[in-house]
Amino acid sequence: MKEKKRLAILTVIFLILLALLIGLRFFNKKEEAKKEQQEQQAQMEVTNFSGELKSITYKNDSGKVQLRKKKEQWYFAGDTKTELDQSYLDTMESEILGLTAERELENPDELKYYGLDAPAYTIRAVDEEGNQMTIYIGNSSDSEYYFTVDDKEKVYVGGSTLVSSIQYEKDQLIKKDTDDSESEE
């Protein structure tokens with residue numbers, strides 16, 4: 001009888017521990033999902049634009065490109081005859097307008113430690129209302145970049161998709177002819 005009672009007690013203890021284990025796993029998954037959602041919400045919006053952009057000038061390692069938007073079409077500054085691939089430029093515009101930072105560095109060191117004293121990329125954008133912003137992008141940090149805007153007081157981490165959108169040389173932005181008659185010859 002004592003052994004049956006002891007076995008029953010051990011079984012109850014085992015079931016309680018099993019329930020606690022299942023509860024902890026559920027709680028941890030719920031907390032992890034909550035933390036992930038908070039991180040996504042914690043992304044800071046950096047831009048101050050109120051509408052569409054009317055000009056973008058960017059400098060990357062292959063040079064400087066100046067673009068202007070007229071009647072919903074992007075052109076090289078001073079050249080409305082060269083037809084550009086609008087998909088690249090629309091992506092670039094949306095990346096600038098939606099620029100967010102993963103985080104802002106608290107008490108950042110000197111800009112040179114982030115590659116921001118001589119930035120690898122510089123983007124100057126102006127919206128329809130005349131608001132302007134200059135984005136300076138420096139060294140990479142894992143899959144993101146250090147960047148700062150305008151007065152260079154705050155240093156942020158983020159912007160990898162923005163950097164991807166400004167990797168194009170001037171020639172790569174020109175719309176390619178897709179005339180099939182040439183390829184059939």
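The values are calculated or read from the model by the stated rules, or taken from the named source; none is laboratory data. For clarity, every value in this text was computed on a predicted model and none was experimentally measured. Here the Cβ is made from the backbone with ideal geometry for all residues, glycine too, and neighbour counts use every protein chain on show. SASA here: full protein model, heavy atoms, side chains in, ligands and nucleic acids out. Shrake-Rupley method; radii C 1.70, N 1.55, O 1.52, S 1.80 Å.
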- Task: Considering (1) surrounded by fewer than 21 Cβ atoms within 10 Å (Cβ to Cβ); (2) β-branched (Val, Ile, Thr); (3) touching a helix residue (DSSP H, G or I) at 6+ places or on another chain (Cβ under 9 Å), say which one Val149 fails and leave the rest.
- Result: (3)
- Message: Anything in segment 109-128 that is in contact with a Gly (Cβ under 6 Å, 6 or more places away or on another chain) and among the aromatic types (Phe, Trp, Tyr)? List them, or say none.
- Response: Tyr114
- Given Gly159, Gly98, Gly130, which one is touching a Phe, Trp or Tyr at 6+ places or on another chain (Cβ under 9 Å) and not hydroxyl-bearing (Ser, Thr, Tyr)? Gly159
- Tell me the strands (runs of 3 or more DSSP E) entirely within segment 34-143 that contain at least 2 residues that are open to solvent by 70 Å² or more (accessible area, probe 1.4 Å) and of a type outside the set (Phe, Trp, Tyr). 53-60, 63-70, 100-104, 132-141
- Criterion violated by Asp85 - all others in (1) within 22 Å of Phe147 (Cα to Cα); (2) touching a residue at least 40 places away in the same chain (Cβ under 8 Å); (3) more than 21 Å from the chain's Cα centre (by Cα) satisfied: (1)
- Item | Cβ-Cβ under 6 Å pairs, at least 6 apart or on other chains, segment 51-65 side acidic (Asp, Glu), far side open to solvent by less than 30 Å² (accessible area, probe 1.4 Å) and assigned to a strand (DSSP E or B) | none
- When residues of segment 153-174 are limited to those that are touching a Ser or Thr at 6+ places or on another chain (Cβ under 7 Å) and among the polar types (S, T, N, Q), the one least open to solvent (accessible area, probe 1.4 Å): Ser165
